[in-house]
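Notes to accompany the following structure.
The values are calculated or read from the model by the stated rules, or taken from the named source; none is laboratory data. Just so it is clear, the model here is predicted, and its values are computed rather than measured. Here Cβ is always computed from backbone atoms with ideal geometry, including for glycine, and neighbour counts include all displayed protein chains. When the accessible area is computed, the model is the full protein with side chains, heavy atoms only, and any ligands, DNA or RNA have been set aside. Shrake-Rupley method; radii C 1.70, N 1.55, O 1.52, S 1.80 Å.
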Amino acid sequence: MESHPVDENSVIISWDAWLASPPGRYLLEWEQAQYDRTVGDIFGYHALQLGMPKLPCLRENRIPWKGLVLDERPAAESPEDAASTLSLSLCRFDELPLESQSIDLVVLPHVLEFAADPHAVLREVERVLMPEGQVVLTGFNPMSLWGLREGCARLFGAERFVPRDGQFLAHARIKDWLKLLGFDIGRGRFGCYRPAYHSEKWLGRSALLEKAGDRWWPIFGATYMLSGVKRVRGMRLVGPAWKDKASKARAAAPALVPSSHPRSPAGKITQQGN
């Protein structure tokens, strides 16, 4: 059977294959740097990543227990995957098998735009987060060159640049959803200003646009990062007595197990790695 070289400008159907392509690696490099910088100074006892095991969002975080939730088992697992070093759970993102107010940090790399009900996912994240817990997420920006190409592809039936079905959710819409759920919103970041090229050569040639975009049109990057802190009305977390009591109670708590939450599926959290 005759083999043919793969055209780097052809449609890439698989999400994993797209992440391994030049634009995918470019995206992962930027987002990895942002997660490393953002989560490094977030403290607590339990942290959770939803989806995208190829991007180890929690690698620079010092929280002792870290979990990974996937909505389906990875087709192939390797030592480099985040799933090899985190406690792994397979379940729906809008029905997490965790107790309410049990997590200090949740990260969502490109989860909401491919979720059937992104607002339900955020509500579930709010449920499992402790008061003052934090959520950090990334997504594709529709107000960008990548978003423009994707919109034209949908309108005219052309080749999709980003291969999975989903919707580009605007940064402002996500901020509104988080505010409705009681989160205080941190300062967002935008990145990846190069045009929507599949070719590594052309991505390299447009490298000058990275600094220019960050300076002159910062809100039009192809991807964004957004963070929020869960606030609970009528609750004041101050005073050494409260801190001492809370620290002792949470330090003595066992590892997270599936909750008895009525919407949570039965299933268990399996340990992979240390």
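Which ones in the stretch 122-145 are farther than 23 Å from Arg59 by Cβ and assigned to a helix (DSSP H, G or I)?
Once the filter is applied, which keeps residues that are farther than 23 Å from Arg59 by Cβ and assigned to a helix (DSSP H, G or I), the stretch 122-145 yields Leu122, Arg123, Glu124, Glu126, Arg127, Leu145.
If I ask for residues that are small (Gly, Ala, Ser) and in contact with a strand residue (DSSP E or B) (Cβ under 8 Å, 6 or more places away or on another chain), which ones from the stretch 34-72 would you list?
Gly44, Ala47, Gly51, Gly67
List the number of the failed condition for Glu29; all other conditions in (1) farther than 16 Å from Ser227 by Cα; (2) open to solvent by 30 Å² or more (accessible area, probe 1.4 Å); (3) at pLDDT below 95 hold.
Looking at each condition in turn, Glu29 falls short on (3).
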